[in-house]
Amino acid sequence: MSVFLLKRAATFVATLLAASMLVFAVLDLLPGNVAQVILGDTATPESIAALESKLGLDRPALTRYTDWIAGLLQGRTTNSFSYDTPTATLIAERLQVTLPLAVLAMVFTVLIGISLGIYAAAHQNRLGDVGVMGFSQLGIAVPSFWFAILLILLFAVKLQWVSAGGFAGWREADGGGVWQGLVSLLLPAVSLAAVQAAVLARWTRSAVLETLREDYVRTARAKGLTRRAVLWKHVLRNAMIPVLTILGLQFAFLISGTVVVENVFVLPGVGRLVFQAVANRDLVVVRDVVLLLVAMVVAVNFVVDVLYAFVDPRLKASDA
Amino acid sequence: MSAAPGTPTVAAAAIAPAFVRRALRHPSFAVGGVLSMLLLLAAIVSLAWSPYPPAEIDIPIKLQAPSAAHWFGTDSLGRDIASQLLVGAQASIMVGVFAVLIGFTLGTALGLLASARRGWVEEAVMRLSDFTFAFPALLSAILLGAIYGPGLVTGIVAIGVFNIPVFARVTRGAANAIWAREYVLAARAAGKGPWRITLDHVVPNIASVLIVQATNQFATAIIAEAALSYLGLGTQPPMPSWGRMLNEAQTQMFQAPMLAVYPGVAIALAVLGLNLMGDGLRDLLDPKLARKR
């Protein structure tokens with residue numbers, strides 16, 4: 001197993017490095033002057049030259065890239081052009097909203113998606129199964145940001161139970177608190193999770209059904225174990241292997257969804273920060289935030305690979 | 001069952017009516033087909049006709065309720081919602097077609113290459129696919145939009161690039177299964193090279209898998225385009241887009257909540273239609289399932 005994990009760790013580092021090169025290349029090397037993009041079409045040559053010098057664009061690309069990466073590794077980042085604050089400070093502030101939102105959405109996704117998938121598989125071709133599959137088909141077709149708008153329409157406009165957006169904050173001194181913060185994130189997390197849970201329910205159902213057809217399941221049943229016992233003791237662990245893969249892939253969609261849903265609910269998270277950075281042509285923020293989000297996707301997929309090693313006994317055996 | 005070599009038109013003529021009969025009896029395919037046809041029809045009709053010019057501003061009639069003159073009412077600038085919905089189908093179809101074309105062409109080529117060459121080529125293609133997966137379409141669109149500005153092309157490129165690894169993986173998986181078959185072994189023994197085998201045996205046998213995948217990716221592209229347009233990174237004014245309509249409707253939610261419903265229903269029906277059609281096609285084109293019927 002350690003060989004497998006070492007290989008995966010090497011791939012993780014290599015992917016991160018390649019991603020950083022790509023992000024740097026797209027924003028710094030492709031045709032189009034970065035200073036010109038930031039200052040707009042009306043900028044004078046003098047102001048462009050001054051900004052180029054300030055951003056260090058007059059230095060070789062390789063030096064700029066290595067400086068950027070070395071800075072990131074030491075926790076040193078460039079100042080945002082529009083906020084005049086280090087991007088690390090900006091991102092750290094915004095992650096206090098984005099991370100809990102992503103985690104909450106993932107928890108809802110797993111709870112709803114896996115439970116519905118198992119339920120549907122256990123009731124194959126019965127009313128419950130048809131209902132779950134119907135929900136799943138509909139859930140996949142509904143964009144998360146539209147579902148978010150529908151939730152606002154129902155709970156904020158019609159019932160007036162919650163506000164239509166915004167974030168109360170985690171600290172009571174700021175007028176918020178843990179409870180208020182969680183309430184602010186509840187609808188965004190539900191809107192993100194509903195769509196992802198629909199996808200996960202389908203995959204879980206087919207993975208469980210596939211495993212139910214295995215010989216060892218038939219043997220366990222022949223030995224006298226009840227259907228329920230077989231499901232919990234033998235089927236679920238094996239069915240979770242393909243489900244883990246899907247969860248890893250879903251995280252990438254969840255990150256994209258977070259960017260959009262944060263804008264729907266006007267949440268001061270990383271997604272809104274990057275969106276505003278695009279509008280303000282703040283390329284330094286765009287570069288660092290995009291790399292962070294890509295790193296999160298790669299990291300979660302690495303964690304999924306590590307979990308494989310624990311869930312799949314064949315990987316343990318291969319280490320011997 | 002298979003037709004004699006050199007008579008493909010006769011074979012096709014014999015198979016086509018039976019396939020159409022089966023397709024029409026398949027509930028998923030039938031419902032999905034109707035919804036997809038409606039989407040296509042909306043886009044085609046809107047090229048020649050719409051109740052009103054979709055970008056025509058008429059402030060005195062703003063935020064009107066649905067009526068015979070304005071089927072879905074008007075927005076905050078007095079623009080006709082029905083006309084915007086109709087013309088908005090164009091953006092969805094355009095992004096869907098081109099994004100799928102980019103992914104299909106490059107991804108299938110990479111998948112076939114990986115499968116035909118195996119070894120380090122396959123490993124390289126798969127690692128490249130894994131890498132591209134780390135860049136969801138939205139992040140690519142943010143990167144490209146930051147430099148080149150937002151727009152339809154930015155959206156198409158971002159979604160298309162994300163489609164490449166999807167098609168590469170599906171193609172490689174399906175093609176590897178074909179390469180393991182006896183008739184491929186026979187073709188190799190007869191002296192056919194990897195490219196000849198790929199064209200003569202692999203491509204025709206994985207075509208159905210690719211068609212189904214293309215349908216699903218088309219649906220995904222419609223959602224991605226709507227999300228990008230909602231954020232202002234996709235289709236730009238004056239071209240109507242369902243995503244941007246939702247963005248504009250959000251500012252009027254307390255006065256005219258239904259404005260935030262119509263475009264979403266249009267997106268959901270289009271995506272549902274394509275997904276159902278994809279599911280139906282998967283069943284219809286699977287020879288094992290076809291034989292069971």
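The values are calculated or read from the model by the stated rules, or taken from the named source; none is laboratory data. Note that the structure is predicted; figures quoted are calculated from it, not measured. Backbone-built Cβ (ideal geometry, glycine too); neighbour counts: all protein chains shown.
Is it the case that B:A174 is among the aliphatic types (A, V, I, L, M) and out of contact with any helix residue (DSSP H, G or I) (no Cβ under 7 Å at 6 or more places or on another chain)? Spelling it out, it is not the case that B:A174 is among the aliphatic types (A, V, I, L, M) and out of contact with any helix residue (DSSP H, G or I) (no Cβ under 7 Å at 6 or more places or on another chain). Scanning segment A:208-219 finds no residues that are surrounded by fewer than 18 Cβ atoms within 10 Å (Cβ to Cβ), under 25 Å from A:A141 (Cα atoms) and within 14 Å of chain B (Cβ to nearest Cβ).
For segment B:168-180, does any single residue satisfy the condition of being within 20 Å of B:L40 (Cβ to Cβ) and polar (S, T, N, Q)? Checked segment B:168-180: no residue is within 20 Å of B:L40 (Cβ to Cβ) and polar (S, T, N, Q). The sole residue among A:V298, A:V278, A:V274, A:V195 that is in contact (Cβ under 8 Å) with a residue 40 or more places away in the chain and farther than 29 Å from A:G134 by Cα is A:V298.
Scanning segment A:135-165 for residues that are over 21 Å from the mean Cα position of the chain (by Cα) and within 17 Å of B:N216 (Cα to Cα) yields A:Q137, A:L138. Within segment B:251-276, the set of residues being within 7 Å of chain A (Cβ to nearest Cβ) and either outside any helix (DSSP H, G or I) or acidic (D, E) (or both) comprises B:M253, B:F254.
All conditions in (1) farther than 30 Å from A:V130 by Cα; (2) more than 9 Å from every other protein chain (Cβ to nearest Cβ) hold for A:V260, with the sole exception of (2). The set of residues from segment A:276-290 being more than 9 Å from chain B (Cβ to nearest Cβ) and of a type outside the set (D, E) comprises A:Q276, A:N280, A:V284, A:V285. Just one of the numbered conditions (1) closer than 24 Å to A:A279 by Cβ; (2) surrounded by 16 or more Cβ atoms within 10 Å (Cβ to Cβ) is not true of B:V153: (2).
From B:Q84, B:Q90, grab the single residue that is more than 14 Å from every other protein chain (Cβ to nearest Cβ) and crowded, with 24+ Cβ neighbours inside 10 Å. None of the others qualify; the one that does is B:Q84. Comparison of A:V208, A:V190 shows that the only residue that is of a type in the set (A, V, I, L, M, F, W, C), within 17 Å of A:T109 (Cα to Cα) and assigned by TED's automatic domain parsing to the domain that holds A:G248 is A:V190. Across segment B:146-158, what is the total count of residues that are on the phi < 0 side of the Ramachandran plot and modelled with pLDDT under 85? Summing the residues that are on the phi < 0 side of the Ramachandran plot and modelled with pLDDT under 85 in segment B:146-158 gives 3.
With the structure loaded, tell me whether B:L128 is at pLDDT below 90 and within 8 Å of chain A (Cβ to nearest Cβ) or whether it fails that test. The answer is no for B:L128.
Taking the conditions exactly as written (in contact (Cβ under 8 Å) with a residue 40 or more places away in the chain, under 25 Å from the mean Cα position of the chain (by Cα) and buried (at least 24 other Cβ atoms within 10 Å of the Cβ)), does A:T245 satisfy them or not? Answer is no for this residue. If you check B:S229, B:S208 for being hydroxyl-bearing (S, T, Y), in a helix (DSSP H, G or I) and touching a Leu at 6+ places or on another chain (Cβ under 6 Å), only one passes: B:S208.
Inside segment B:203-250, can you point out the residues that are without any contact (Cβ under 8 Å) to a residue 24 or more places away in the chain, touching a helix residue (DSSP H, G or I) at 6+ places or on another chain (Cβ under 7 Å) and away from chain A (no Cβ under 11 Å)? If the condition is that a residue be without any contact (Cβ under 8 Å) to a residue 24 or more places away in the chain, touching a helix residue (DSSP H, G or I) at 6+ places or on another chain (Cβ under 7 Å) and away from chain A (no Cβ under 11 Å), then B:R244 is the only one that fits.
Restricting to helices (runs of 4 or more DSSP H) lying wholly in segment A:222-320: which have 3 or more residues that are touching a Pro at 6+ places or on another chain (Cβ under 9 Å)?
Those helices (runs of 4 or more DSSP H) span A:236-264, A:283-311.
The residues listed here are B:A91, B:A18, B:A116, B:A65; of these, the one that is of a type outside the set (K, R) and at pLDDT below 90 is B:A18. Residue count for segment A:125-150, restricted to those that are touching a residue at least 12 places away in the same chain (Cβ under 8 Å) and assigned to a loop (DSSP other than H, G, I, E, B): 2. A:A173 falls short of the stated requirement of being touching a residue at least 12 places away in the same chain (Cβ under 8 Å), out of contact with any Cys (no Cβ under 7 Å at 6 or more places or on another chain) and small (G, A, S). Quick check: is even one residue across segment A:151-163 among the basic types (K, R) and either within 14 Å of chain B (Cβ to nearest Cβ) or assigned to a helix (DSSP H, G or I) (or both)? Yes, the conditions are met somewhere in segment A:151-163. Just one residue in the set A:L293, A:L254, A:L267, A:L273 is at pLDDT 85 or above, buried (at least 19 other Cβ atoms within 10 Å of the Cβ) and at the interface with chain B (Cβ under 8 Å from one of its Cβ atoms); that residue is A:L293.
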